[in-house]
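Novice: Pasting a structure here, questions to come.
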Amino acid sequence: MIVKKTRILSIVALGLFLFLRTDPVPGQSQSAQLKPSHSQTIEALDTTTLFTEANKRYKEDTYSDAAQLYEKLILSGVQNGELYYNLGNSYFKMGMLGKAILSYRLAELYLPRDQDLKTNLVYAREMTKDKLESRPLFSFLNEFCFWYSKLNLTELLIVFLILNGLCWALALIRIFLRNEYYNYLFLIILSITVIVSISLGLKLYHHYYSIEGVVVAKEISVRAGNGINNTPLFQLHDGAEFKIIEQQGAWSKIELGDGKRGWIENRWIGTCQLESWPALTSSGAGT
Amino acid sequence: MGKGKIFLASVLLIIQVENAHALSLTAKVDKTEATLEDQIILTLSIEGTRRAGKPMLPSLPDFDMIPRGSSTRMQIINGTITSGIDYNYLLIPKKTGTFEIGPATIQENGETIASNTITLRIASSGTRPQATQDVFITTTVSSTSPYVNEQIIYTFKLYRGVKIANASLENPSFEGLRVEPLGKEQEYETAMNGRPFVVTEIRQALFPTREGTLEIGSAKLQCEIVMRSRRRGLFDDPFFDDSFFGFSRSEPKVLHSQPITLHVKPLPTEGKTPLFSGLVGNFNITTTLSKRQLSVGDTTTLTFTIKGSGNIRDATSPEFPPSTDFKVYDDKPTLAVQDSGEGFGGTFTIKKALVPLKEGSLKVPSVAFTYFNPELGSYELCKSTPLSIEVLPTSDKEKLNLVEALGTTTSKEEIKILGKDILPINTSLAALRPYRIDPWHWGYLVCFSFPLIGYVGTVLMKKRKERLEEDLGYARSKSALKNFNKKILLIKKQLKTEGSTEFYRLTSKSLKDFLGDKLNITGSALTPLEVEHQLLTLTILKDKIEETKSILHTLETGQFAFERHSLSEKEKLLKQVKELTRWLDKKIRK
């Protein structure tokens, strides 16, 4: 029996170790440990050298080189908010507002509390041509549920797991120690856990189903149908943000904040989804 | 005849009578001789109708005429009914002399009906000495021959020896003069020829705007003098003097002051220089610096304060000499007026932000201006005291721009946005640490389910423990195999003992005890038949029941029938017992 218990504990401990194991030390080659998220094959480069070089190019005002190197780093698997932020800055300096906003939006998924990022995103949005309205539901959530806007998905998930553990632990304590105090504490923690779990559900929905996009071309026509022959309804410019509600082949049906809808070609837009960027290689004027 | 018919007949009769009488218009006044201080009540009475229009009066340029309403009347005297309407007017004389009022006219059925004329004699009010009057006003000026822009004090005084009501003052038109009020009106008591008077004094500062002769017209005060009624009766108390209670009557009065003539002198040309600021009066200048020691690019505030009495509103900033040592930023000058006390004056404050452009001991240029002093009759020079500041070298020359944007240190301004740009990139190597957002990672599932499993496991264990404590049958069933395994060790020792029945006895007892524990009955007394009966109730396979019976039979035979088994047979039998007990342990659950 003792042997059996020890075996179970070992398995659990191993699982936790694998889950909580530290990330590779910066400077180590990532290619051996982390497979690239995208299909591209990238030469195994020392990430520190690559990063230092990218920063150097940025400071030398060769922003396109810097952007390429940051993209390379992201494609090599080093995905984090800081790199997306640097990539956004490089695009901004290149005058590519759409790509800059897209990069900032992706960085925001990792770094929701970063003030520098917010400042740059606001500034980039100010520079865009199209006046767009924000979505009321998410504006409300951002304003009143600080944990929703201030924590990224992983952080919110960890908070939920801690609360979940706490909740079950209190449920156990209630069984062994019959005390009113523990009952109240349990109810409070349970309520918080429920609220956080709803927030987590909304965040997951937002991440995976409520996909938003950004125009990465100078000017594009939004059409009535998913084909080039359909009537152009309105035009959007570089950096315009919208919600993607349907995708068919190379076309996406989009909706603006004020309810305007139409179809747009996928090659002129970028989606604010993890591991979706950088994937586009083309930019320029749309039709 | 009903009452209604009588009333109708009366009304018709009145109309008949009214129509029958001819219209007439009469003008009358309450007095035909008056002074400039008096008011005359003119009444125009129309006789013969109550529905006539308003009579027309010829223009009366020598009077102020104020309508005072109308009243209708009807009289029945000795069966003769007369009716009419009275229009009342208040006439306020403007000058002395003899005037003819009227005739007033009225139009009726195309006819013009004229009134009589009235002759009024208006005499001057100055015929009586002031001290003997109940109420009088005076106006004075501090100087009748001032310079242009020199301050003179105009004082209005109302003396009243009796109670007055509804007083209203009409100031003269101060043409050619700028007027500045000097504080609130003051009220004090004084005595003239042994008679007490209450004096209300109003002071104003006047500044002649042009040279020559200027006339200050007479001030006019309208009031009502409250006169005590002679019949007081029970209410002999000053409280009831008010006309509100009807124990006093009021007499309207208009009081005029004497006009004043000013001979305004021009400012002398002698001594007048380009430095003349336009100020006339008595002024001085002071200079202060907010910081005497600062760095290059830092800022200090230079404050000039011009203070004095006179036409301070005309003050302008004296010219600040150009300097290569400083950058100078002007602030908006402020004026604080002092309108109480003896005269009009105030403080004119000029602030300048100075930014030194070089280090060392720098002299702040002084400013100068002249003003005209009317008391001395000459121009006076006002010069600020020269100041110096110690300027230290700066470590950051770019601060100079910052100071320009902020302006002066004394007044806070909105931050000026000089430019916009994005904030810089992250260069820390911490930016290379991968951060995975993967909510579907198995680790999260483990972390999520671990507390749940722990909870369920603990609850089950607790329940089991409780049942073991409370349910003896359950406890015996659960410990049956454990107890049997303990006895196996003893049985194994007896295996090799030749000719001993102990092996069979112990094994039989152990098996029976096991079955007793599992079935929660006394095991040692069980017979194979009883075992069969008990196992049948638990729906145990027939083969296994037969096997159990067979084993029990073999073991009992071994004890009593002296049937001997070899060692291997005993081992086989023991193995068979062990397997049977394990199988039964799984099958029999309580």
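Novice: So if I place +1 on the C-beta of Lys and Arg and -1 on the C-beta of Asp and Glu, and nothing else carries charge, what would the dipole magnitude of segment B:16-123 be about its Cα centre? I want it in debye, nearest 20.
Specialist: Values: 10 positive and 12 negative charges, 32 e Å.
Value, rounded to 20: 160 debye.
Novice: With +1 assigned to the C-beta of every Lys and Arg and -1 to the C-beta of every Asp and Glu, and no other charges, what is the dipole magnitude of chain B about the Cα centre in debye, to the nearest 20?
Specialist: On the way: 78 positive and 68 negative charges, 1043 e Å.
Around 5000 debye, computed over chain B.
Novice: If you don't mind, another one. Report the label-to-label distance for A:Ser191 and B:Gln293 in nanometres (one decimal), using points 7 Å from each Cα along the Cα→Cβ vector.
Specialist: 6.2 nm
Novice: Still on this structure, I have one more. For an R0 of 41 angstrom, estimate the FRET efficiency from the Cβ-Cβ distance between A:Glu275 and B:Leu460 and round to the nearest 0.05. Walk me through the intermediate numbers first.
Specialist: Working: r = 42 Å, r/R0 = 1.03.
Here the calculated transfer efficiency is 0.45.
Novice: Taking 7 Å along the Cα-to-C-beta vector as the label spot, tell me the A:Gln68-B:Trp440 distance in nanometres, rounded to one decimal.
Specialist: According to this spin-label approximation, the distance is 3.5 nm.
Novice: While we're here: Using the charge dipole of segment A:75-232 (Lys, Arg: +1 at Cβ; Asp, Glu: -1 at Cβ; taken about the Cα centre), state which of A:Leu132, A:Leu187, A:Thr119 has its Cα farthest towards the positive end.
Specialist: Ranked along the dipole, the leading option is A:Leu132.
Novice: Find how much the distance from B:Leu376 to B:Arg589 grows on full extension, using 0.36 nm per residue of separation minus their present alpha carbon separation; answer in nm with one decimal.
Specialist: Working: separation 213, 0.36 × 213 = 76.68 nm, distance 12.95 nm.
Going from the current span to full extension adds 63.7 nm.
Novice: Sticking with this structure for a sec: Can you tell which of A:Pro278, A:Gly257, A:Asn230 lies farthest toward the positive end of the dipole of segment A:224-279, using +1 and -1 charges on the Cβ of basic and acidic side chains (Lys, Arg; Asp, Glu)?
Specialist: About the Cα centre, the residue reaching furthest to the positive side is A:Asn230.
Novice: So, counting K/R as plus one and D/E as minus one, what does the shell of residues with Cβ under 12 Å around A:Val215 add up to? Please list the in-between numbers first.
Specialist: Details: positive: A:Lys99, A:Lys129, A:Lys218, A:Arg267; negative: A:Asp130, A:Glu212, A:Glu219, A:Asp238, A:Glu241, A:Glu265.
Around A:Val215, the charge tally is -2.
Novice: In peptide A:162-172, how many Cβ atoms from other protein chains are near each Cβ within 10 Å, on average?
Specialist: Working: counts 1, 0, 6, 7, 1, 3, 8, 3, 0, 5, 6.
Across A:162-172, the average partner-chain Cβ count within 10 Å equals 4.
Novice: With each run of n ≥ 4 DSSP H residues scored as -39500 (n - 2.57), what mean residue ellipticity at 222 nm is computed for chain B after dividing by its residue count and rounding to the nearest 500 deg cm²/dmol?
Specialist: Values: 8 runs with 147 residues, N = 590.
When only DSSP H runs of four or more count, the value is -8500 deg cm²/dmol.
Novice: I would also like to ask the following. What's the extension gain from B:Glu469 to B:Thr190 if we count 0.36 nm per residue and subtract their Cα-Cα distance?
Specialist: Working: separation 279, 0.36 × 279 = 100.44 nm, distance 11.40 nm.
Contour length minus the Cα-Cα distance gives 89.0 nm.
Novice: Also, quick follow-up: Would you please calculate the Kirkwood hydrodynamic radius of chain B over all C-alpha pairs and express it in Å, rounded to one decimal? Each step should come with its number before you reach the end.
Specialist: Working: mean 1/r = 0.0254 Å⁻¹.
Answer for chain B: a Kirkwood hydrodynamic radius of 39.4 Å.
Novice: Using alpha-carbon pairs under 8 Å, 6+ residues apart, how would you state the relative contact order of chain B in percent?
Specialist: Details: 1060 pairs, mean separation 47.9, N = 590.
Contact order relative to length: 8 percent.
Novice: Which value in nm describes the separation of the simple spin-label points at B:Arg433 and B:Ala368, placed 7 Å from the Cα toward the beta carbon?
Specialist: In this crude label model, B:Arg433 to B:Ala368 measures out at 7.3 nm.
Novice: Could you calculate the contour length gain from B:Lys31 to B:Ser124, that is, 0.36 nm times the residue separation minus the distance between their Cα atoms, to one decimal place in nm? Spell out each step's value before the answer.
Specialist: Values: separation 93, 0.36 × 93 = 33.48 nm, distance 1.56 nm.
Residue separation times 0.36 nm, minus the Cα-Cα distance, leaves 31.9 nm.
Novice: How well do other chains shield peptide A:80-92, expressed as the mean number of their Cβ atoms within 10 Å of each residue Cβ?
Specialist: Working: counts 9, 4, 9, 7, 1, 5, 5, 1, 2, 5, 1, 0, 2.
Partner Cβ neighbours, averaged per residue: 4.
Novice: For an R0 of 56 angstrom, estimate the FRET efficiency from the Cβ-Cβ distance between B:Lys486 and A:Glu155 and round to the nearest 0.05. It would help to have the intermediate numbers written out before the result.
Specialist: Working: r = 55 Å, r/R0 = 0.98.
Step by step, r from the Cβ atoms, then E = 0.55.
Novice: Could you compute the FRET efficiency for A:Glu60 and B:Ser323, with r as their C-beta to C-beta distance and R0 at 51 Å, rounded to 0.05? Show your work: numbers first, answer last.
Specialist: Values: r = 44 Å, r/R0 = 0.86.
That gives a FRET efficiency of 0.70.
Quick note: the coordinates plus some simple rules give every number you see, no bench work behind them. Everything numeric here is computed off the predicted structure, so don't read it as measured data. We place every Cβ from the backbone using ideal geometry, glycine too, and count neighbours over all the protein chains shown.
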